[in-house]
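Read the structure below first, then the notes.
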Amino acid sequence: MIPLLKDIKGELDQPEVTELLEASMFPDPDIVRMALDAYRNDPALELLGYYEGEELVGAIGFRMKTGNVLEIRHMAVSPEKRGHGHGRLMVLETLARKNPAELVAETDEEAVEFYRNIGFVVESLGELYPGVERFRCRYIVNPEAED
């Protein structure tokens, strides 16, 4: 049986991996190429694929930063599989594997409700790109530890 989440950095040339990454960012070929190169060349970046049986249905890319902060860089679920809890499961499984004190992500208006619905605190960063509002999403794993 294939694990639900597995390392897919070695599969960056597979079309289904590239398509998922494209779905998590502005689909500019140069931006996608830079992201793929970053995953290939930066050992601190991790990329895990979420499987339903043998089918790759999602991906989550992240890095651990100082202060035990997990920064979600990319996350996507195949369009036909959205709304079934796969994104939430990827976040929960990544939390269990890495045990961070905090998770952070920067996203756009399209994905902000996903983060808000699973307990992230969301704040607007304003219009960082012309016509595109960006948001910082933050989840403290153990809020009592912050006090």
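The values are calculated or read from the model by the stated rules, or taken from the named source; none is laboratory data. Note that the structure is a prediction, hence the values are computed from the model and not measured. A quick note on method: Cβ atoms are made from the backbone with ideal geometry, for glycine too, and the neighbour counts reach across all protein chains shown. Accessible surface is based on the protein model in full, side chains and every heavy atom, while ligands, DNA and RNA are left aside. Shrake-Rupley method; radii C 1.70, N 1.55, O 1.52, S 1.80 Å.
Quick notes
- The number of residues in region 78-107 that are aliphatic (A, V, I, L, M), within 13 Å of the chain's Cα centre (by Cα) and open to solvent by 20 Å² or more (accessible area, probe 1.4 Å) comes to 3.
- Residue match in region 108-120 (condition: surrounded by 16 or more Cβ atoms within 10 Å (Cβ to Cβ), touching a helix residue (DSSP H, G or I) at 6+ places or on another chain (Cβ under 8 Å), within 15 Å of residue 24 (Cα to Cα) and of a type outside the set (Gly, Ala, Ser)): yes
- Screening residue 75 on (1) without any contact (Cβ under 8 Å) to a residue 40 or more places away in the chain; (2) within 20 Å of residue 14 (Cβ to Cβ) shows it passes everything except condition (1).
- Filtered residues of region 39-51 (kept if under 20 Å from residue 5 (Cβ atoms) and surrounded by fewer than 17 Cβ atoms within 10 Å (Cβ to Cβ)): 40, 42, 43, 44
- The C-beta contact set for region 14-32 (first residue touching a residue at least 24 places away in the same chain (Cβ under 8 Å), second residue open to solvent by 50 Å² or more (accessible area, probe 1.4 Å) and of a type in the set (Val, Ile, Thr), distance under 6 angstrom, 6+ apart or interchain) comprises 25/31.
- Residue 81 vs. criteria in contact with a strand residue (DSSP E or B) (Cβ under 6 Å, 6 or more places away or on another chain) and either under 20 Å from residue 115 (Cα atoms) or of a type in the set (Phe, Trp, Tyr) (or both): yes
- Scope region 125-138; condition open to solvent by 40 Å² or more (accessible area, probe 1.4 Å) and at pLDDT below 95; matching residues: 125, 127, 128, 129, 130, 131, 132, 133, 134
- Some residue of region 22-33 being surrounded by fewer than 18 Cβ atoms within 10 Å (Cβ to Cβ), assigned to a helix (DSSP H, G or I) and among the small types (Gly, Ala, Ser): yes
- Residue within region 52-62 that is open to solvent by 30 Å² or more (accessible area, probe 1.4 Å) and within 16 Å of the chain's Cα centre (by Cα) present: no
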